[in-house]
Ligand code: ADP
Ligand code: MG
């Protein structure tokens with residue numbers, strides 16, 4: 001059993017109950033049950049979002065007076081643990097990061113080693129650009145040892161578009177000389193039927209992550225696709241704000257899992273053909289800056305010449321915006 005399992009908060013006694021965000025909001029002065037409910041459903045469901053709200057926003061959504069709104073905001077700020085970490089702690093965290101290789105040298109080099117644990121990586125691109133193929137490749141390769149470019153890890157695969165194919169896992173596993181039955185056992189798949197279900201699945205994933213799968217720590221969580229259900233469920237013009245709020249909350253759950261359990265979260269996203277919000281940019285990803293700001297690594301995928309695919313790193317905080325050409329083969333991802 002790997003020591004990586006349960007690196008999150010330890011609960012030694014079943015009776016220990018930690019204060020939930022809901023409890024914390026209920027405990028704020030001036031917040032009764034009805035006000036708490038109104039705050040929760042409008043996305044002010046944690047101390048952070050309340051701390052950074054304007055009094056006017058809380059007046060609007062909760063129907064409290066401006067004076068009360070101020071009191072609530074100040075109390076939330078007081079209660080909030082801002083989570084400052086020393087540079088040294090952050091360096092230690094950086095040192096624990098695992099990089100999942102793809103099997104394509106050019107692609108790994110573009111990512112300075114591979115897809116990182118501890119954060120969200122997003123691939124966005126048109127249909128057929130190989131977003132789901134990369135998800136399958138990672139789901140197998142994360143099971144390789146660290147020396148082989150994996151993380152000795154298991155996988156949670158949240159499938160929003162019914163694209164998970166065990167047959168494809170078998171092909172890629174065989175190409176690497178792995179026992180494909182074992183590889184399949186170490187991948188837990190759940191189909192998301194709508195955006196609420198998807199959000200719930202992400203939250204419930206934590207239970208599996210705490211336990212591990214077959215004694216292996218979960219080192220990869222796939223969300224393929226991150227945005228399609230949200231896009232379908234909130235398609236009306238007036239629904240954009242709610243959609244973005246929910247998507248933001250969803251991504252915060254994913255980010256927390258990535259951060260807390262040092263796992264790689266890989267999400268896929270589509271592009272808008274003719275975005276009305278981003279004139280002049282035909283490659284704008286769905287979800288706008290909510291998704292963009294929450295993904296530490298963003299890769300734009302497109303089809304290249306002769307059946308190749310091209311990945312381009314976008315807005316990386318510390319890597320150059322470079323491109324990598326690759327092809328999808330029976331074995332997975334390969335250099336051209
Ligand atoms: P997206 O998720 O971006 O819509 P996919 O990842 O599903 O795209 O598909 C990318 C490409 O991978 C497809 O064009 C398909 O032809 C190719 N592909 C799928 N399986 C194989 C395979 N076994 N061998 C070679 N290419 C494959
Ligand atoms: Mg796909």
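Just wondering, is there one or more residues in segment 106-117 that are outside the structural domain of residue 45 (by TED's automatic domain parsing) and over 19 Å from residue 314 (Cα atoms)? Within segment 106-117, not a single residue is outside the structural domain of residue 45 (by TED's automatic domain parsing) and over 19 Å from residue 314 (Cα atoms). Residue 133 meets all of the listed conditions (1) within 23 Å of residue 251 (Cα to Cα); (2) away from ligand 1 (no atom under 16 Å from the Cβ); (3) touching a residue at least 24 places away in the same chain (Cβ under 8 Å) but one, namely (2). Would you confirm, using the coordinates I've provided, whether residue 96 is out of contact with any strand residue (DSSP E or B) (no Cβ under 7 Å at 6 or more places or on another chain) and closer than 25 Å to residue 21 by Cα? No; evaluated as a whole, the condition is false for this residue.
Scanning segment 186-215 for residues that are more than 18 Å from residue 136 (Cα to Cα) and not in a helix (DSSP H, G or I) returns 193, 194, 212, 214, 215. Among the residues here, residue 155 qualifies as part of a strand (DSSP E or B), in the same structural domain as residue 189 (by TED's automatic domain parsing) and either away from ligand 2 (no atom under 13 Å from the Cβ) or over 11 Å from residue 187 (Cβ atoms) (or both).
Please indicate, with yes or no, whether at least one residue in segment 101-120 is at pLDDT below 95, away from ligand 2 (no atom under 16 Å from the Cβ) and surrounded by fewer than 17 Cβ atoms within 10 Å (Cβ to Cβ). Yes, there is a match, as at least one residue in segment 101-120 is at pLDDT below 95, away from ligand 2 (no atom under 16 Å from the Cβ) and surrounded by fewer than 17 Cβ atoms within 10 Å (Cβ to Cβ). Here the condition is being surrounded by fewer than 18 Cβ atoms within 10 Å (Cβ to Cβ), within 16 Å of ligand 2 (Cβ to nearest atom) and under 27 Å from residue 127 (Cα atoms); of 232, 241, it holds for 232 alone. Of all residue pairs spaced 6 or more apart or on separate chains, those with beta-carbon atoms under 6 Å, a first member in segment 33-47 that is in contact (Cβ under 8 Å) with a residue 24 or more places away in the chain and in the same structural domain as residue 64 (by TED's automatic domain parsing) and a second member that is outside any helix (DSSP H, G or I) and surrounded by fewer than 20 Cβ atoms within 10 Å (Cβ to Cβ) are 47/80. Considering segment 214-229, and only residues there that are farther than 14 Å from residue 188 by Cα and more than 13 Å from the chain's Cα centre (by Cα), the residue that is farthest from ligand 2 (Cβ to nearest atom) turns out to be 229.
The set of residues in segment 247-286 that are within 16 Å of ligand 2 (Cβ to nearest atom) and either at pLDDT 95 or above or surrounded by 23 or more Cβ atoms within 10 Å (Cβ to Cβ) (or both) comprises 266, 267, 268, 269, 285. When residues in segment 103-126 are screened for being assigned to a loop (DSSP other than H, G, I, E, B) and under 12 Å from residue 309 (Cα atoms), 2 of them pass.
When residue 170 is tested against (1) within 16 Å of ligand 2 (Cβ to nearest atom); (2) more than 16 Å from the chain's Cα centre (by Cα); (3) more than 30 Å from residue 42 (Cβ to Cβ); (4) part of a helix (DSSP H, G or I), exactly one condition is not met: (1). For residue 321, work out the one condition from (1) in contact with a helix residue (DSSP H, G or I) (Cβ under 8 Å, 6 or more places away or on another chain); (2) loosely packed, with under 14 Cβ neighbours inside 10 Å it doesn't fulfil. Looking at each condition in turn, residue 321 falls short on (1).
From the list 179, 214, 194, the lone residue that is touching a helix residue (DSSP H, G or I) at 6+ places or on another chain (Cβ under 8 Å), without any contact (Cβ under 8 Å) to a residue 12 or more places away in the chain and either surrounded by 15 or more Cβ atoms within 10 Å (Cβ to Cβ) or assigned by TED's automatic domain parsing to the domain that holds residue 102 (or both) is 179.
The values are calculated or read from the model by the stated rules, or taken from the named source; none is laboratory data. In this text, all values refer to a predicted model and were calculated from it rather than measured experimentally. Here the Cβ is made from the backbone with ideal geometry for all residues, glycine too, and neighbour counts use every protein chain on show.
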